[in-house]
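Visitor: Please see the structure below; I have some questions.
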Amino acid sequence: MVQTMDKYFNSVYITDSIPKLLPYLKVTFMVVGLSVLFGTLLGFILAVAKIRQGKIAKKFADLYTTALRCTPSIVLLFLVYYGIPAIAKNFGIDLDDVDKVVFIVIAFSLMFAAAMCDVIKTAYESVDKGQFEAAISVGLSDVQAYITIILPQAFVVALPNIGNSLLALIKEGALGYTIGLIDVMGKASLIISGNINAHALEIYIALSIIYWVISIVIEQLFLKFEKVFSKGKQTIKVT
Amino acid sequence: MLNYKFLVDTFFVALSGAPTAILITFVSLLIAIPLGFLLALVRINEVKFLNRFAQVYVSFVRGTPMIVQIFIIYNSVPLLLATIFTKLNIKINIYDVNPIWYAFIVFSLNTIAILAEVFRSALGTVNKGQLEAAQSVGLTNVQAYTKIIIPQALVVALPNICTATTNLIKGTSLCYAMSLKEITLRAKVAANVGYNYVEAYIDIFLVYLIICIIVEYGFKLYENRLRTYKGVSA
C-alpha cells in the first residue's frame with residue numbers, strides 16, 4: 001500500500017483542471033454577490049440598531065454579532081440548511097423543493113451582516129460629530145448631511161474592512177460544496193470523486209491558485225479604491 | 001419538534017470533542033507564535049530572499065480557503081512521508097498516523113502566516129526611537145526587544161491575537177475533512193442515527209459559542225491587566 005510521491009503527482013493535472021474549474025466561478029460569484037447584497041442591508045440595519053442605542057434593538061444587535069462571530073461558517077451553514085425547513089414545517093410550509101443555493105445565500109448573508117454591522121459602526125464612529133453639526137448649521141437637512149457629508153467620510157474608513165470581509169466571504173463560500181453547491185470548489189470535488197480520488201492534490205492546488213489570484217486581484221482593487229477615495233480627504237487636511 | 005432528550009445528550013457528545021479542538025488550537029499557537037514572530041522580523045528587517053518567501057507565504061495562506069489548505073496538506077504530507085519512510089526503510093504504515101498530526105501541521109502553518117501579519121503591524125506601531133534609546137543605554141538587541149519593544153507591541157497586538165485564536169478554534173470545525181473526531185464530527189455522527197441534525201447543530205453551535213466567549217473574555221481580562229501596566233493610555 002505504500003505510495004511514492006513521483007508516481008502519484010503529475011503537474012499536468014494542475015494545468016488541465018484549471019480551465020475545467022473556471023466556468024464554475026460564475027456560481028461562486030453569484031453566491032458571493034447575493035450574500036454581499038443581503039448581508040450589507042441587514043448589516044446596515046443592525047449597525048443603526050447599535051448606533052441608536054435603543055435598549056432592546058441594541059441588545060439584540062450585540063447578541064447577534066457575538067453569536068455569529070463565534071460560529072464556524074460550516075456550522076451556520078448546516079444550522080440554516082436543516083433549521084429553516086424544520087421551522088417552516090412547524091407552520092405547515094414545505095421547503096423540501098427549495099434550491100440549496102437559497103440556504104447557502106441565507107447563511108452567508110447572515111455571516112456577512114455581522115461583519116458589516118461592525119464595519120459600518122466603526123466607520124460611522126470615526127467621523128467627527130462636529131461634521132454633522134456643521135452640516136446642519138449651514139442649512140442641510142439631516143438626510144442631506146448624512147448622504148453628502150458623513151457617508152463619504154465613513155466610506156473611506158470602512159473600505160479596507162469591507163475588502164477584508166469580502167475576501168473572508170469568498171473564502172468561506174468554498175464551504176457551500178458541503179451541501180452540494182456546484183461552484184468552483186464543488187466542481188473540484190466532483191472531478192476528484194470522478195477520478196476515484198486519484199490526483200486530488202493536483203486539483204486542489206489548481207483550486208488554490210484560482211482562489212489566490214482572485215484574492216490578490218480584489219486586494220489590489222481595494223488598495224486602488226482607497227487611494228482614489230482618500231485623495232479628497234488629504235487635500236482637506238492640507239488646506 | 002425538537003427532540004429535547006437528544007438535544008441534551010448530544011450537547012455532551014459535542015462537548016467531549018472540545019478537548020481535541022482546544023489541543024489543536026493550543027499546539028498551533030505554541031508553534032505559530034515564535035515562528036510568526038520570526039517571520040514578522042524577517043519582513044520588518046527586509047532580510048534578503050527570506051522576505052520574498054515570507055511575502056508569498058503569507059499571501060497564499062491569506063488568499064486561499066482554509067478547507068483547500070487542509071485538503072492540500074492532507075493529500076500531500078502522507079504521500080511525502082510514505083516516500084521518506086520507504087527510502088529510510090522505516091516500517092510505519094502511513095494510514096495508522098493519527099489525523100491530529102495533520103491538523104497540527106495545517107493549523108500551525110496557517111496561524112504562522114496570520115500571526116506574522118499581526119506581529120508585523122504591531123511592531124510597526126512602536127516608535128523606532130524606543131529601540132535606539134534602549135541600545136543607547138547599553139541594552140543588547142535581544143534585551144531591547146524582550147524588555148522594551150515586545151511589551152509595547154503586545155498591547156496593540158492582543159485584540160488581533162484574540163481574533164486569530166477564535167478563528168483558529170472555529171477553523172478546527174473543518175477537521176471533519178481529515179476524519180478527526182472533534183466537536184462537529186462527533187455530534188454529526190450522533191445525529192446520523194435518527195436524522196436529528198437540527199438538534200446536533202444547535203449543540204455544536206452552543207459548544208463553539210461557549211468556548212469562544214470564554215476565550216474572548218480571557219483575552220479581555222489580560223488586555224486590561226496589560227493596560228494598567230502601561231498606565232498612561234488607560
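The numbers here are math on the coordinates, done by the rules we state, and not lab data. It should be emphasised that the depicted structure is a prediction, and the values quoted were computed from it without experimental measurement. Here the Cβ positions follow ideal geometry from the backbone for every residue, glycine too, while neighbour counts run over all protein chains shown.
Visitor: What's the longest bit of chain B with no exposed chymotrypsin sites (Phe, Trp or Tyr not before Pro), using DSSP loop states and at most 11 other Cβ atoms within 10 Å as the test?
Guide: Values: sites that count: B:Phe49, B:Tyr195.
The segment B:50-194 is the longest one with no such site.
Visitor: Per residue of segment B:202-217, in order, report the coupling 6.51 cos²θ - 1.76 cosθ + 1.60 (Karplus, θ = phi - 60°) as ³J(HN,Hα) in whole Hz, putting x for Gly and Pro.
Guide: Whole-Hz 3J(HN,Hα) from phi for segment B:202-217: 5, 4, 4, 4, 5, 5, 5, 4, 4, 4, 5, 5, 4, 4, 4, 5.
Visitor: Take peptide B:73-81, look around each residue's Cβ out to 10 angstrom, count Cβ atoms belonging to other protein chains, and average those counts. Provide the component values of the computation, followed by the final result.
Guide: Values: counts 2, 3, 11, 7, 0, 1, 8, 3, 1.
The per-residue average across the peptide is 4.
Visitor: Also: If you average the alpha carbon positions of segment B:96-147 and of segment A:41-56, how far apart do those two centres end up, in angstrom?
Guide: 37 Å
Visitor: Now for a different question. Which of the DSSP-defined H helices in chain A satisfy a minimum axial length of 24 Å, computed from C-alpha atoms, and a minimum mean Kyte-Doolittle hydropathy of 0.5?
Guide: Details: long enough: A:25-52 (39 Å, 1.82); A:73-90 (25 Å, 1.49); A:100-126 (39 Å, 1.46); A:151-172 (29 Å, 1.01); A:200-238 (56 Å, 0.92).
Span-like helices here: A:25-52, A:73-90, A:100-126, A:151-172, A:200-238.
Visitor: Here is a further query. Could you sort out which of A:Lys55/B:Lys5; A:Lys121/B:Lys220; A:Lys50/A:Lys231; B:Lys181/B:Lys220; A:Lys121/B:Lys128 sit more than 24 Å apart by Cα distance in this structure? Each step should come with its number before you reach the end.
Guide: Working: A:Lys55/B:Lys5 35 Å; A:Lys121/B:Lys220 20 Å; A:Lys50/A:Lys231 30 Å; B:Lys181/B:Lys220 30 Å; A:Lys121/B:Lys128 33 Å.
Checking Cα-Cα distances, A:Lys55/B:Lys5; A:Lys50/A:Lys231; B:Lys181/B:Lys220; A:Lys121/B:Lys128 exceed 24 Å.
Visitor: Could you list A:Asp128, A:Asp97 so that the one with the fewest beta carbons within 10 Å of its beta carbon is first and the one with the most is last?
Guide: Numbers: A:Asp128 11, A:Asp97 5.
Fewest to most other Cβ atoms nearby, the residues stand as A:Asp97, A:Asp128.
Visitor: Placing +1 on the Cβ of each Lys and Arg and -1 on the Cβ of each Asp and Glu in segment A:5-238, which of A:Leu68, A:Ala57, A:Ala114 has its Cα farthest towards the positive end of the resulting dipole?
Guide: So the residue furthest toward the plus end is A:Ala57.
Visitor: Same structure again: Given points 7 Å out from each Cα along the Cα-Cβ axis, report the B:Ser136 to A:Lys224 separation in nanometres with one decimal.
Guide: Rounded to a tenth, the inter-label distance reads 4.5 nm.
Visitor: Over what distance in Å are the Cα centres of segment B:183-214 and segment A:99-152 separated?
Guide: That distance is 35 Å.
Visitor: OK, next. Which of rounded, prolate or oblate describes segment A:13-93 when judged by the alpha-carbon gyration tensor and an a/c cut-off of 1.5? Write down the numbers at each step before the final one.
Guide: On the way: a/c = 2.64, a/b = 1.72, b/c = 1.53.
Verdict is prolate for segment A:13-93.
Visitor: How would A:Asp183, A:Asp118, B:Asp203, A:Asp62 line up from fewest to most surrounding beta-carbon atoms within 10 angstrom?
Guide: Details: A:Asp183 23, A:Asp118 18, B:Asp203 27, A:Asp62 14.
The most exposed by this proxy come first: A:Asp62, A:Asp118, A:Asp183, B:Asp203.
Visitor: How crowded by other chains is A:74-81, given as the mean number of beta carbons from other chains within 10 Å of each beta carbon?
Guide: Values: counts 11, 14, 3, 1, 9, 7, 1, 3.
Counting Cβ atoms of other protein chains within 10 Å of each residue's Cβ and averaging gives 6.
Visitor: Let me understand segment B:4-155 better: what is its radius of gyration from the alpha carbons, and its Dmax, in angstrom?
Guide: 20.6, 68
Visitor: Would any residue of segment B:198-227 have its amide N under 15 Å from a label point 7 Å out along Cα→Cβ of B:Asn3? List them or say none.
Guide: Answer for segment B:198-227: B:198-203.
Visitor: Going by how many other beta carbons lie within 10 Å of each one, how would you line up A:Ser189, A:Ser230, fewest first? Display every interim value, and only then the final one.
Guide: Values: A:Ser189 18, A:Ser230 12.
The fewest-first ordering by Cβ neighbours comes to A:Ser230, A:Ser189.
Visitor: With springs only between Cα atoms under 10 Å, which of B:Ile114, B:Ile213, B:Ile73 fluctuates most in a Gaussian network model of chain B?
Guide: Looking only at B:Ile114, B:Ile213, B:Ile73, the biggest GNM fluctuation is shown by B:Ile213.
Visitor: Shielding by partners for B:86-96, please: the mean number of other protein chain Cβ atoms within 10 Å of each residue's Cβ. Walk me through the numbers before you get to the answer.
Guide: Values: counts 3, 1, 0, 0, 0, 0, 0, 2, 3, 1, 0.
Whole-number average of other-chain Cβ neighbours for B:86-96 is 1.
Visitor: Hey, got a sec? Which chymotrypsin sites (Phe, Trp or Tyr not before Pro) in segment A:62-135 land in a DSSP loop and have at most 13 other Cβ atoms within 10 Å?
Guide: Numbers: sites: A:Tyr64, A:Phe78, A:Tyr81, A:Tyr82, A:Phe91, A:Phe103, A:Phe108, A:Phe112, A:Tyr124, A:Phe132; in loops: A:Phe91.
Taking segment A:62-135 and a limit of 13 other Cβ atoms within 10 Å, the loop chymotrypsin sites (Phe, Trp or Tyr not before Pro) found are A:Phe91.
Visitor: Angle check, please: helix B:100-125 long axis (alpha carbons) against the longest principal axis of chain B (alpha carbons), in degrees 0 to 90, nearest 10.
Guide: 30 degrees
Visitor: Specify whether the C-alpha gyration tensor of chain A places it in the rounded, prolate or oblate class, a ≥ b ≥ c being the square roots of the eigenvalues: rounded for a/c under 1.5, otherwise prolate if a/b is larger than b/c and oblate if not.
Guide: Details: a/c = 3.12, a/b = 1.59, b/c = 1.96.
Oblate.
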